[in-house]
There are 2 protein chains.
Amino acid sequence: VSLQNDLTEMLNLRYPIVSAPMAGVSGGELAAAVTNAGGLGLIGAGYNDANWLTQQIALCHSTRFGVGLITWKLAETPDLLTMALTYQPVAIMLSFGDPKPYIDTIKKSGAKLICQVQTVADAIYVKQLGADIIVAQGSEAGGHGASRGTFALVPAVVDSVMPIPVLAAGGVADARGFAAALALGAHGVLVGTRFYACKEALGHAQAKEYLTKSTGDETIRSTIFDSLRQLNWPRPYTARTLQNILTANWNKDPEILNQYLADPKIYQTAVEEGNYAVAAIFAGEDVDLIHEILSAKQIIDEMVKI
Amino acid sequence: VSLQNDLTEMLNLRYPIVSAPMAGVSGGELAAAVTNAGGLGLIGAGYNDANWLTQQIALCHSTRFGVGLITWKLAETPDLLTMALTYQPVAIMLSFGDPKPYIDTIKKSGAKLICQVQTVADAIYVKQLGADIIVAQGSEAGGHGASRGTFALVPAVVDSVMPIPVLAAGGVADARGFAAALALGAHGVLVGTRFYACKEALGHAQAKEYLTKSTGDETIRSTIFDSLRQLNWPRPYTARTLQNILTANWNKDPEILNQYLADPKIYQTAVEEGNYAVAAIFAGEDVDLIHEILSAKQIIDEMVKI
């Protein structure tokens, strides 16, 4: 199987594998490791500031990288995009919101524009705006997303935006998922959760351990953790996490939960302490397929054996 | 690509393609056409009685067929299973509920037992009960189902029940989906919606037309139509349909909707008249991929060109 196609040519990659820009997980070290293993690593700067991004880009040590941003959040911090572009990323990925205000700036910079969508309608919209690459993200994905499943969304998006390269996202964790994505007509894959349980990923060691021991049956899409973090995520986006004591009790005991809402520090402390009975572990339904914390190179080497 | 494997051997098939036992859609004519084209056709007898099933089996004209039953509903009409077995179906498929009370009867009859599940936990359970074949059904599927997406569910079920053959269901409508299912480790596919928009399927001509013109963005999982039909579907099952005027207004105008609930004949009349502003069209998220009403043979011939 040749893994060279329009996408690998456009991004100059050995393999059509891109690591998702997971907030708090995808730093410069992971991005560089993914790129060095033949894919493209994206730094997830969605909730961060320019200083953090500068530090993470420094960790790439001149290895090629891209930057992923949360579109609706970018309205609050437009300088983040301007700053990112000064470091000449290979690509900017925009997700969750209308990318229109940022298109010209990105296209003029020379960076490729990757737009992530969750519906066929949005895929057609971002094609019209001039997206260079479109990510069709299914509901299986960890973290934020929407309701349509990867399996039927990917070929429908491919048909709707042809000949623009499409990356399949949501559920891709091993060689089987990679092969299936290509069979569905995708040019490549955007991989999140599998790169969370990865040596080079940021994030708490215990959270990574949980990922290796959980099943997709135990994940849930909700807005609980956005409420607790006081993040104004717009509809229709919800976030997939592992279930924990907090999600199990969310609808049962308003008393305790009002305490969390009244004092955001309680949740913040749980996150800092790695108390995952309370703190969210963002994870996709493909956690069933993750049994070990591996290096980015090990993950990619296994994935391309199709 | 060889399409022969443990599943085709067990069921004596040319292709590992099984048509889903869709209530009101999958009659004897469709089942026979699917079998004659190289797959296995299942008659969907979930809501029907013995007389209906006898008539549909007669329409198979000695072509091999299977029968699909709704497990929780079977408790109300256990004779349906006994009667079905007298016609020596190749397989009985049980979905939605605990199959335990019916296992012995089916296994003793010589029919293969196909159990459809929506979680890894249920897959492990039906393996322990002795299922011969397991269907891993993702949320993309039309009609009843649950929340996990096909893409990550299938390989997780395969890993959990090996070496039992697994059929992927939910989102499979063309050669790409068939190839992707095999890449994910499935032995074959269970195909619903694509066989609804099929010449040999039962069901209103206008409903089939709608399927060829809709997008998966417009489908929705709900319990609305079960309420209207006074069917006591247990949790966690919901049904995926095309959205229509009724689903759009369900949460907005309790007044009108209480009328429907108070007088079931209003909804029943809409179904009989093919008034799809009100009546449900059960459909999967893969309707994007369905553009024409085809024969079962055309559908299968296209699907196996992988």
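A few notes on this one:
- Straight-distance crosslink candidates among aspartates and glutamates, where the alpha carbon sits under 13 Å from residue B:208 and sequence neighbours closer than 8 are dropped: B:200, B:292
- Loop-located trypsin sites (Lys or Arg not before Pro) across region B:241-306 with a Cβ neighbour count of 16 or fewer within 10 Å are B:252, B:305, with loop assigned by DSSP.
- Phi-based couplings in Hz for region B:242-251 (Karplus 6.51, -1.76, 1.60; Gly and Pro marked x): 5, 6, 9, 4, 5, 5, 5, 9, 3, 8
- Here the Gaussian network model covers chain A, with springs between Cα atoms less than 10 Å apart; of A:295, A:62, A:109, A:62 fluctuates the most.
- The overall shape of region B:1-63 is prolate: from the C-alpha gyration tensor, with semi-axes ordered a ≥ b ≥ c, the ratio a/c is 1.5 or greater and a/b exceeds b/c.
- Label spacing, shortest first and in nm, from residue B:252 to its equivalents in the remaining copies (7 angstrom along Cα→Cβ): 3.7
- By DSSP, the beta bridges lying fully in the protein assembly as shown are antiparallel in about 20 percent of cases.
- Inter-centroid distance (Cα atoms) of region A:240-306 relative to region A:182-209, Å: 14 Å
- Placing R0 at 25 angstrom, the Cβ-Cβ distance between residue B:51 and residue B:98 gives a FRET efficiency of 0.40 after rounding to 0.05.
- Rg ratio for the protein assembly as shown: its Cα radius of gyration over 2.2 N^0.38 Å, N being its residue count, equals 0.97.
- Here chain B is described by how far its Cα atoms reach on the three principal axes: 54, 40, 39 Å, from widest to narrowest.
- Orientation-averaged projection of region A:135-188 equals 3.3 nm² [convex hull of Cα atoms, one quarter of hull surface area].
- Debye, to nearest 20: dipole size of region B:248-287, +1 on Lys, Arg Cβ, -1 on Asp, Glu Cβ: 120 debye
- Overall, the protein assembly as shown carries a charge dipole of about 600 debye about its Cα centre when +1 sits on the Cβ of Lys and Arg and -1 on the Cβ of Asp and Glu, all other atoms neutral.
- Contact order normalised by residue count of region B:159-306, Cα under 8 Å, 6+ apart, percent: 35 percent
- Taking every C-alpha pair closer than 8 Å and separated by at least 6 residues, the mean separation divided by the residue count of chain A gives a relative contact order of 18 percent.
- At 7 Å out from Cα toward Cβ: residue A:205 inter-copy label distances (nm, ascending): 7.0
- Coordinate range along principal axes, alpha carbons of region B:147-283, Å, largest first: 51, 33, 23
- Partner chain coverage, peptide B:175-182 - average Cβ within 10 angstrom: 6
- Spread of Cα-to-Cα distances over 10 Å intervals beginning at zero, given as percent, for region B:72-218: 11, 37, 35, 16, 1
- With N counted as the residues of region A:1-153, its alpha-carbon radius of gyration over 2.2 N^0.38 Å works out to 0.97.
- Each of residue A:121 and residue B:268 was given a label point 7 Å from its Cα along the Cα-to-Cβ line. The distance between the two points is 3.5 nm.
- Spherically averaged projected area of region A:107-156 from its Cα convex hull (nm²): 3.8 nm²
- Pairs spanning more than 29 Å between alpha-carbon atoms, out of A:252/B:265; A:127/A:213; B:213/B:297; B:73/B:127; A:213/B:112: A:252/B:265; A:127/A:213; A:213/B:112.
- Taken over region B:31-120, the ratio of Cα radius of gyration to 2.2 N^0.38 Å equals 1.02.
- Calculated mean residue ellipticity, 222 nm, chain B: -11000 deg cm²/dmol, from DSSP H runs (n ≥ 4) at -39500 (n - 2.57) each, averaged per residue and rounded to 500.
- Length gained when the stretch residue A:253-residue A:199 is fully extended (0.36 nm per residue, less Cα-Cα span): 15.7 nm
- Counting every pair of alpha carbons in region B:151-222, the share spaced more than 13 Å apart comes to 69 percent.
- Sequence-distant contacts, meaning Cα pairs under 8 Å at least 6 residues apart, place the relative contact order of region A:117-203 at 26 percent.
- Rough spin-label spacing in nm, given labels placed 7 Å along Cα→Cβ, for residue A:175 and residue B:223: 4.4 nm
- Across the copies of the chain, residue A:62 has label points (7 Å from Cα along Cα→Cβ) spaced 7.9 nm apart, shortest distance listed first.
Every number in this text was worked out from the coordinates using simple rules, so none of it is lab data. Given the structure is predicted, the values throughout are model-derived calculations rather than measurements. Because the Cβ atoms are built from the backbone with ideal geometry, glycine has one as well, and the counts that use them run over all protein chains shown.
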